[in-house]
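The values are calculated or read from the model by the stated rules, or taken from the named source; none is laboratory data. These numbers were taken from a predicted model, which means no experiment stands behind them. Neighbour counts are summed over all protein chains in view; Cβ atoms, including those assigned to glycine, are modelled from backbone coordinates with ideal geometry. Ligands, DNA and RNA are excluded from the accessible area calculation, which covers all protein heavy atoms including side chains. Shrake-Rupley method; radii C 1.70, N 1.55, O 1.52, S 1.80 Å.
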Amino acid sequence: MEGKVVSSRFKRVCVFCGSSTGKRNCFRDAAIELAQELVSRRLDLVYGGGSIGLMGLVSQAVHRGGGKVLGIIPRTLMGKEITGETVGEVKPVANMHQRKAEMARHSDCFIALPGGYGTLEELLEVITWAQLGIHEKPVGLLNVDGYYNDLLTFIDKAVDDGFIKPSQRHIIVSAPNAKELVQKLEEYVPVHDRVIAKAMWEVEQPQQQQQQQQQVGFSATTLQTEIAL
C-alpha cells in the first residue's frame, strides 16, 4: 500500500460494514480499496471490532498498511468464536449503545460499506444525530455497484413526501468508489438546519442523565459533547 501520501482534515474514520463479505467480489474489493485510501491519507480506522466479513478485510488491510486500528466491541461479542480476533487496539464496552457512542466519539467522519441490519442501524443513527445537531461530522455511503441505490431512492421519496427536509438530504454523501467518496467527505460543509439548537444538547439534566445512564450504559444528555468535534 505504499504510495503518495494525501493530506486530510480528518484523523480517524469510523467505518460501518457487514460481518459478512457478501456474495460478490466487488464488495471485498471495495473494502480493500477503502483501506488503501485511508492508508494513503494516513487516516486511522475506528470500527466495530473483530476479523470477520468486510469488517475484518478493512481492519486487517489498514493494519498491514501501517495505519492505527481501534476496534470497539461489546464484551459479550469478544469471543473469538463469534467475531474473530481484532487487530490493533481493542476497546471493550458494556453494550451496543455504548459501542456506537464510543465509535462516534473517536471519529471525525463516518463511512458505510455494504452491510445488513447492523450497518443500516449504525448509519441511520449517525445521520439522525447530524439532523438533530448532535454532531457535524460528514457521513458517507460507499455505494458499491449500486448497493445503496434503493436506500437513496427511499430517502428521496421521504423528501418528496415531506418527511425529510430537502436541505437535510445533503447530510448523506455518496460515491461509487473510495477515492471519490473520501474526497467528497473532505469537501463536506455541514447543514445548519437543526431540529434542536446545538446548545440545547449541552444543558445538564442530572436526574434524567443518571436514570438514562443506568438504563443504556452511557449518558444521552451529554452525547453531544462526547461525539462532536
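Summary of computed values
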| quantity | calculated |
| --- | --- |
| Loop GluC sites (Glu not before Pro), the stretch 49-111 (other Cβ atoms within 10 Å of the site Cβ: 14 or fewer; DSSP) | E85 |
| By accessible area with a 1.4 Å probe, ligands and nucleic acids excluded, highest first: order of F16, F154 | F154, F16 |
| Under 11 Å, Cβ to Cβ, from D108 - net charge with Lys/Arg +1 and Asp/Glu -1 | +2 |
| Neighbourhood charge, 15 Å Cβ-Cβ cut-off, centred on D156 and excluding it, Lys, Arg +1 and Asp, Glu -1 | 0 |
| Solvent-accessible area, 1.4 Å probe, carbon plus sulfur percent, for the stretch 1-100 | 49 percent |
